Amino acid sequence: MTDATQTAADAKRRDSASDFDTLAPSPRELMRRRACSHWGLIIGLSIIAIFLLVAIFAGVLAPHDPYAQTLSHRLADPVWGPKGSWNHILGTDALGRDVLSRLMYGARLSLYISFTAALIAAVIGVSLGIAGGYFGGKIDSLVVYIINVKLALPVFLVALSIAAITGGTVTVMILLLGFLTWDRYAIVTRSLTQQMRDQDFIMSSLAAGSSHMRIIFRDILPNLMNHIIVIVSLDMAVIILIEAALSFLGLGIRPPTPSWGLMISEARAMMFFKPHLIMVPGIAIFILVMAINMAGDGIRDVTAPEGRG
Amino acid sequence: MKKTTKAFAALIAALAITGHAYAQKSKDALRIAFKDPISTTDIYIDPKPETSLTAEAIFDKLLTYLPSENAFKPMLATSWKQVSPVVLELQLRKGVKFHDGKPFTADDVVYTFNYIIDPKSKLRFGRNWGWIKSVEKTGDFSVRITSKRPTPFALARLATSTPIYPKHVHSKFEKRGEFGRKAPIGTGPYKAEFVDPSRGIKLVRYDGYVSPGPWSPKASIKTILIQPMPELQTQIAQLMTGGLDVILEAPKDQSEQLAQSPTVKSTAIKNTVYYYANFDAAGRSDQKALANRDVRRAIVMAINRQALADAVIAGGKLVELLDTPCTPSQVACKATVSPAKFDPKAAKALLAKAGYPNGFDLDITSIPGAHELAEAIAGQLRVIGIKAKVSRLTIGAYRKKQVAGKLQMLVSHYSSGGLPDASSVMAFYQAGPRDYWRDKQMQKFRNEGAGEMDEKKREAIYIKAFNHINEQALALPIATHPAVLIHSADVTLPSISSLFAGVEFNNIKWK
């Protein structure tokens, strides 16, 4: 065979290979396509993005200082009320503070607490889960024991008691909720790591002389990431609800810090007469929690469609 | 949304109107809700504001204080005489019968006092009667009370939460605490038909009641039904739908909004309760800035008491700003120096002069009933740079914090225990664990006043004490805190009471 014939044959092979690539998109491309056509994910992420922007730029967007009170201008109607004005779009609360501004700063607090607490929970849960799942044996027995102890704890009652003893500051809330919600991460990552540790790619890594730490961080953790993101999203929703409930009961964030749970708690006294004061933060919590759940479900569908159902 | 709001208002109005078609006037039965759990009618065992209402209805005291006349009036005692600084003699009313038909005599008085001064009784507020040395019967209808030391507020104490129990009933209970639940028999205008934690309390008019005078008439309403209902919103819903006739302790906004309904009224009642703020002048808490007089004065100057009285405190025109940590209706309650005037600019300058130009973090503790006021004050302090957070505590948690010396600033209310005498507040300055300020001058004033039987001289001592409080900004008297009751328009209530939690039931009438 001449060189020219050889070159032509190579070119043909290359062409047919490129035809094959076009027909079978990469996993990343497949994921992108699934994401673009997943309305739940798009809507969820869009809402979260809006809340995030509001939270980050609350200082610029909020029309008033959330702490500034004008006692002579208490319980002003929202803009749609009979005496409403655009100066206080959502009206004022019982101490004459702007409800919209407190709502915006409340979003900052809710997202900050839920994200950092979920992160703490993820670090604790994933560390335990991987350790138990990967090393097995006594370490796994200890991890399972710790998980069982944690599962036996009634989260809300423990949170109530500790918040009552220590008092409600943002740091306490974050640590408390972080340390009380890690079990889901541990259970999921332990079980997935157990399935993963006997697979060929881990065996190859071990045979190639990789250290356990390298295998955990380079081989196992990246494969768990999708699942962890899904749990973080669900956990954030749970944490937002617990924080709101604690603040509602007077054991969470201390007034006058703007917190959605506190806003509902304080508006409770006026629920028959100024229902919007309780409805506005209530709706905000509902929308954010729903959006986070939609986004979490969406990420799961997009990254691991086989897990749907 | 306007339509929604209107529809909601219409629904409330409709509920109110239809509800009150079932109002209990026709049955001559008044229904009242109690927020706290109901366990007894015994005020010695359960010294709660709500218990004082039922105890007052079922039992009689020896005498009472009439705040409208600023005078003591006879009840079971017809007359009294201070024989010496430590001896008080009382003549008792004849012809009075307990609810079970047995006659009231001096034995019952002696028995009751021996019970309450006995340390073995372990009463929570037993110290209230700690000044009594002995009580002796000097006849079938006369007694002599001997005190351990001259006690200027002796009459005031006898007129406040000191009911007389029947010896023949109370002494039969091995566990004395069961008396107020199982057989609360007294000489008062109402007899208890049942006391049950789940059903509540049923009081029925005692037709054999001997009225000592117009200040304590025979009951007008035949039956009073007290229902346990811990949640205020539930109470409001019940009132609107005709399931309830009276709500006690209604906050400002609810009382004003509800009173707009034609079938509901709100009545403010003058009493001995007031709002105040305390500062950690002794510097025991984590915030040492408060040990500085200028800092405390700056805080006082940043608090707009008039705005708080207008916007946050319920009671309308009955809310009065105070210069004293007591109310004007109490004996010896006067000051000639007022708290520093509201002036946020000067307050900020004073704070800077004290070394805090950028303010500082402050923990304000509040107890139930003062949470909203504390939050409003926190908002006012932000104007001068003090970043205050409010710790909303239960009474129990507050006491622990107080005993531990961790209170930085307290916003609270004080009923004086209903005691119509300024000595009630001076007791807090007695050297000991309850003295939060540890101010030597105040301890001296307290000791001088406690033994002074001459009312004018005692008043002069207390004037110096209250002036000292204002000059040193040890505390800030804010305003009176009238009891505001929301009730069916069918009910008429008096505008003044010797009780601090509400009103004497025998003074309630149908319209």
Item checked: In sequence order, calculated HN-Hα J values of the range A:288-302 (Karplus, 6.51, -1.76, 1.60; Hz; x Gly/Pro) -> 5, 5, 5, 5, 5, 5, 4, 5, x, 4, x, 4, 4, 4, 6
Next item on the list: Express the carbon and sulfur contribution to the solvent-accessible surface of the range B:105-186 as a percent, rounded to the nearest whole number, probe 1.4 angstrom.
Entry: 48
Check: Which angle between 0 and 90 degrees, to the nearest 10, do you get for helix A:170-180 versus the longest principal axis of chain A when only C-alpha atoms count?
Finding: 50
Margin query: Using helices alone, I'd like the mean residue ellipticity at 222 nm for chain B: each DSSP H run of four-plus residues gives -39500 (n - 2.57), total over residue count, nearest 500.
Written below: -8500 deg cm²/dmol
Checklist line | Per residue, in Å², the accessible surface of chain A once ligands and nucleic acids are set aside, probe 1.4 Å | finding: 50
Notebook entry, point to check: Residues of the range B:367-434: accessible area per residue at 1.4 Å, in Å²?
Noted result: 35
Notebook entry, point to check: Using the per-residue mean of other Cβ atoms lying within 10 Å as a proxy for protection, in what order, highest first, do the peptides B:417-430, A:220-233 fall?
Noted result: B:417-430, A:220-233
Checklist line | Hull-based mean projected area of the range B:171-281, where the convex hull spans the alpha carbons, in square nanometres | finding: 12.0
Next item on the list: Heavy atoms only, probe 1.4 Å: what % of the accessible area of the range A:172-301 goes to carbon and sulfur, would you let me know?
Entry: 66
Notebook entry, point to check: Comparing the chain by itself with all protein chains present, which residues of the range B:302-319 are at least 20 Å² less accessible (probe 1.4 Å)?
Noted result: B:311
Note to self: Give me, ordered by chain and number, the residues 5 or more places off residue B:64 or on other chains with an amide H under 5 Å from its own placed amide H.
What the structure shows: B:73, B:75
Checklist line | Nearest-0.05 FRET efficiency for residue A:42 and residue A:166, computed from C-beta distance (R0 56 Å) | finding: 0.85
Next item on the list: Calculate how large, on average over all directions, the projected area of the Cα convex hull of chain A is; give the answer in nm² to one decimal.
Entry: 24.1
Check: Using a cut-off of 18 Å between alpha-carbon atoms, which aspartates and glutamates can reach residue B:457, once sequence neighbours fewer than 8 places away in the same chain are excluded?
Finding: B:421, B:448
Item checked: Summed residue charge, Cβ within 11 Å of residue B:319's Cβ, Lys/Arg positive, Asp/Glu negative -> +2
Margin query: With a 1.4 Å probe and all protein chains left in place, how much of the accessible area of the range B:192-351 comes from carbon and sulfur atoms, in whole percent?
Written below: 50
Notebook entry, point to check: What value, in deg cm²/dmol to 500, does the helix sum -39500 (n - 2.57) over DSSP H runs of n ≥ 4 give at 222 nm once divided by the residues of chain A?
Noted result: -23500 deg cm²/dmol
Next item on the list: Mind giving me the FRET efficiency for residue B:84 and residue B:125? R0 is 30 Å, r the Cβ-Cβ distance, nearest 0.05 is fine.
Entry: 0.65
Notebook entry, point to check: FRET efficiency for residue B:134 and residue B:440, Cβ-Cβ distance as r, R0 = 51 Å, nearest 0.05?
Noted result: 0.90
Check: Which value in nm describes the separation of the simple spin-label points at residue A:26 and residue A:213, placed 7 Å from the Cα toward the beta carbon?
Finding: 3.1
Note to self: Summing both sides, how much accessible area is buried between A and B? Use a 1.4 Å probe and give Å² to the nearest 100.
What the structure shows: 2500
Next item on the list: Enumerate the lysines that residue B:341 could reach by cross-link, defined here as Cα to Cα under 20 Å, with residues fewer than 8 away along the same chain left out.
Entry: B:353, B:464
Next item on the list: May I ask you to evaluate 6.51 cos²θ - 1.76 cosθ + 1.60, the Karplus curve with θ = phi - 60°, for each residue of the range B:498-511 and list the ³J(HN,Hα) values in order in whole Hz, giving x for glycine and proline?
Entry: 7, 8, 9, 9, x, 8, 5, 4, 6, 9, 8, 9, 7, 6
Margin query: Suppose we compare each residue of the range A:61-98 in its chain alone and in the full protein complex with a 1.4 Å probe; which ones drop by at least 50 Å² of accessible area?
Written below: A:67, A:69, A:71, A:74, A:80, A:95
Note to self: Please list, ordered by chain and number, the residues whose modelled amide H lies under 5 Å from the amide H of residue B:331; skip anything fewer than 5 residues away on the same chain.
What the structure shows: B:421, B:422
Next item on the list: At 7 Å along the Cα-to-beta-carbon direction for both residue A:152 and residue B:447, put a label point, then send me their distance in nm to one decimal.
Entry: 5.8
Next item on the list: Would you kindly enumerate the cysteines in the protein assembly as shown that have no other Cys beta-carbon under 4.7 Å from their beta-carbon?
Entry: A:36
Note to self: Can you tell me the orientation of helix A:137-152 relative to chain A, as the angle in degrees between its alpha-carbon axis and the longest Cα principal axis, to the nearest 10?
What the structure shows: 30
Check: Taking accessible area as the heavy-atom solvent-accessible surface of the protein chains with a 1.4 Å probe, which residues of the range A:244-271 lose no less than 50 Å² upon going from the isolated chain to the full protein assembly?
Finding: A:254, A:255, A:256
Next item on the list: Report ³J(HN,Hα) in whole Hz for each residue of the range A:252-260, in order, from the Karplus equation J = 6.51 cos²θ - 1.76 cosθ + 1.60 where θ = phi - 60°; Gly and Pro get x.
Entry: x, 5, 8, x, x, 4, x, 9, 4
Check: In the range B:271-420, what % of DSSP beta bridges are antiparallel (nearest 5)?
Finding: 40
Notebook entry, point to check: Working out 0.36 nm times the residue gap between residue B:282 and residue B:171, then minus their Cα-Cα distance, what length gain in nm do you get to one decimal?
Noted result: 35.4 nm
Next item on the list: Please give every one of the lysines within straight-line cross-link reach of residue B:401, meaning a C-alpha to C-alpha distance under 20 Å, and leave out same-chain neighbours fewer than 8 residues apart.
Entry: B:288, B:389
Margin query: Give me the one-decimal nm value for the distance between modelled label points at residue A:139 and residue B:317, 7 Å along each residue's Cα-to-Cβ direction.
Written below: 8.0
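The values are calculated or read from the model by the stated rules, or taken from the named source; none is laboratory data. The structure presented is a predicted model; accordingly, all values stated were derived computationally and were not measured. Don't worry about glycine lacking a Cβ; one is built from the backbone with ideal geometry, like all the others, and counts go over all protein chains shown. Only protein heavy atoms, including side chains, enter the accessible area calculation; ligands, DNA and RNA are left aside. Shrake-Rupley method; radii C 1.70, N 1.55, O 1.52, S 1.80 Å.
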